[in-house]
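These notes concern the structure reproduced below.
The values are calculated or read from the model by the stated rules, or taken from the named source; none is laboratory data. Predicted model only: the values in this text are computed from it and were never measured. Cβ: placed from backbone, ideal geometry, glycine included. Neighbour counts: every protein chain shown.
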Amino acid sequence: MKTNLLGLDAAGLAGFFAELGEKPFRVRQVLRWVHQRRESDFTRMSDLAKGLRDKLAAQACVEAPRIVGDTLAEDGTRKWLLKVDGANAVLAEIEKHEATFNKVKSELGTARAEARKLRDLVTSLHDRLAKLLPEAPLAAAIASAEPEIDAVVAP
């Protein structure tokens with residue numbers, strides 16, 4: 001089974017690359033490709049050595065959570081059930097208020113879901129919401145949701 005790099009935090013990525021026999025700077029390179037350039041195809045990561053791209057293609061993947069449920073309430077609140085891996089799901093509620101999305105709340109679908117997966121999910125949600133509602137101030141909504149996300153995932 002391939003390792004989903006979106007499920008790893010910086011320390012996890014460092015360990016993953018160390019197991020591949022790669023130098024620590026490779027973590028920053030891949031993070032830049034995945035999170036800044038939104039690239040999930042290792043063959044397009046042109047500043048990585050060909051050998052590393054081949055190793056990543058064989059042993060890793062970059063897969064955002066899948067939307068497995070989508071409902072829209074009368075008040076405009078949208079709820080997504082997102083499958084993050086084989087055992088975990090996350091319920092994300094996006095409340096619509098005065099024609100803008102001003103809040104992103106997330107709840108853990110299972111007790112085993114981890115905070116880092118949720119933060120990666122919020123990044124993925126940002127991209128999906130931008131496609132659905134390009135006029136919404138999404139960056140501000142996500143930034144204002146971080147304290148609530150931390151409260152939900154706190155042990």
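Observations, loosely collected:
- Subset of segment 61-96 that is among the small types (Gly, Ala, Ser) and in contact with a strand residue (DSSP E or B) (Cβ under 6 Å, 6 or more places away or on another chain) - its residue that is modelled with the highest pLDDT: Gly69
- Scan of segment 67-77 for residues that are surrounded by 12 or more Cβ atoms within 10 Å (Cβ to Cβ) and assigned to a loop (DSSP other than H, G, I, E, B), ordered by number: Gly76, Thr77
- Residue satisfying all of: in segment 18-38; in contact (Cβ under 8 Å) with a residue 12 or more places away in the chain and within 23 Å of Val84 (Cβ to Cβ); surrounded by the most Cβ atoms within 10 Å (Cβ to Cβ) among these: Val30
- All positions within segment 37-51 that are under 22 Å from the mean Cα position of the chain (by Cα) and in a helix (DSSP H, G or I): Phe42, Thr43, Arg44
- If only residues of segment 54-87 that are among the basic types (Lys, Arg) and within 21 Å of the chain's Cα centre (by Cα) are counted, the one that is farthest from Met1 (Cα to Cα) is Arg78.
- Residue identified as out of contact with any Leu (no Cβ under 6 Å at 6 or more places or on another chain) and closer than 25 Å to Asn88 by Cβ among Leu8, Leu52, Leu48: Leu8
- Set Ala14, Ala64: member being in a helix (DSSP H, G or I) and either aliphatic (A, V, I, L, M) or without any contact (Cβ under 8 Å) to a residue 40 or more places away in the chain (or both): Ala14
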